[in-house]
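Worksheet: one structure, shown below.
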Amino acid sequence: MKESIVAKLTAKDDKYACALADKIISESQETDEWYEYFDDFASLLDHPKSLVRNRALYILAANAQWDEENRFDAIISDFLTHITDEKPITARQCVKALAQVGLAKPQYIPRILSCLGDADLSKYKDSMRPLIEKDMAETEKILTTSGLWNS
């Protein structure tokens, strides 16, 4: 399974790859069985295809709660760069996923909030910028009202 997980998540058949990602995300809410593939999922953060990056962001966020080895430390910077991903949809997915990351790994909340606050959204079209800003406000609210972190 391991050698094919990346192949399956990057398959040309997006419906299949998306269904697999949804299954992994759903199962990762309940069990750590997918955590062993953490590094494989992390390798997809820089994939040229934005749909694959979206899947990786959500899968990694779902597995953050199982990260007792602190493997997230090695990828948090890379993860945060997607707040301003070249594709606005991926930027939105990242911002939404960061709420789950922060709730699972409260030590990242100050850094997440800082990156959200510093994000330059000027490159996005006027039609997308307000949506990203709304997502950012929602994620900031979730993280600041979680009680896991105090400013």
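Normalised by 2.2 N^0.38 Å, where N is the number of residues, the alpha-carbon radius of gyration of the stretch 55-106 equals 1.05. Under 12 Å from a label point set 7 Å out along the Cα-to-Cβ vector of residue 68, the amide N atoms of the stretch 19-33 belong to 32.
With loop defined by DSSP as not H, G, I, E or B, and exposure as at most 15 other Cβ atoms within 10 Å, which is the longest segment of the chain clear of exposed trypsin sites (Lys or Arg not before Pro)?
Working: sites that count: 12, 49, 123, 125.
My reading of the result: 50-122 is the longest stretch.
Rounded to two decimals, the Cα-based Rg/Rh of the stretch 20-134, with Kirkwood Rh, is 0.96. Rounded to whole numbers, the Karplus 3J(HN,Hα) couplings from phi for the stretch 99-116 are 4, 5, 4, x, 5, 7, 10, x, 4, 8, 4, x, 5, 4, 4, 5, 5, 5 Hz, using 6.51 cos²θ - 1.76 cosθ + 1.60 with θ = phi - 60°, and x at Gly and Pro.
Dipole magnitude of the stretch 1-82 about its Cα centre, charges +1 at Lys/Arg Cβ and -1 at Asp/Glu Cβ only, in debye to the nearest 20?
On the way: 9 positive and 17 negative charges, 117 e Å.
Dipole of the stretch 1-82, to the nearest 20 debye: 560 debye.
For the chain, with all protein chains in place and a probe radius of 1.4 Å, 51% of the accessible heavy-atom surface sits on carbon or sulfur.
Evaluating 6.51 cos²θ - 1.76 cosθ + 1.60 at θ = phi - 60° for every residue in the stretch 6-16, the Karplus couplings come out as 5, 4, 5, 6, 10, 4, 4, 6, 5, 4, 5 Hz, glycine and proline recorded as x. Taken about its Cα centre, the chain carries a charge dipole of roughly 620 debye when the Cβ of each Lys and Arg holds +1 and the Cβ of each Asp and Glu holds -1. Per residue of the chain, what 222 nm ellipticity follows from adding -39500 (n - 2.57) for every DSSP H run with n ≥ 4, rounded to the nearest 500? Result for the chain, helices only: -20000 deg cm²/dmol.
Pick out, in residue order, every one of the GluC sites (Glu not before Pro) in the stretch 1-75 that is DSSP loop and has at most 15 other C-beta atoms within 10 Å; say none if there are none.
Working: sites: 3, 27, 30, 33, 36, 68, 69; in loops: 33, 68, 69.
Of the GluC sites (Glu not before Pro), the ones in loops of the stretch 1-75 whose Cβ has at most 15 other Cβ atoms within 10 Å are 33, 68, 69.
The values are calculated or read from the model by the stated rules, or taken from the named source; none is laboratory data. In this text the structure is predicted, and so the values were computed from the model without any measurement. Ideal geometry is used to build each Cβ from the backbone, glycine not excepted, and the neighbour counts take in all protein chains shown. Protein only, heavy atoms only, side chains kept; ligands, DNA and RNA dropped before computing areas. Shrake-Rupley method; radii C 1.70, N 1.55, O 1.52, S 1.80 Å.
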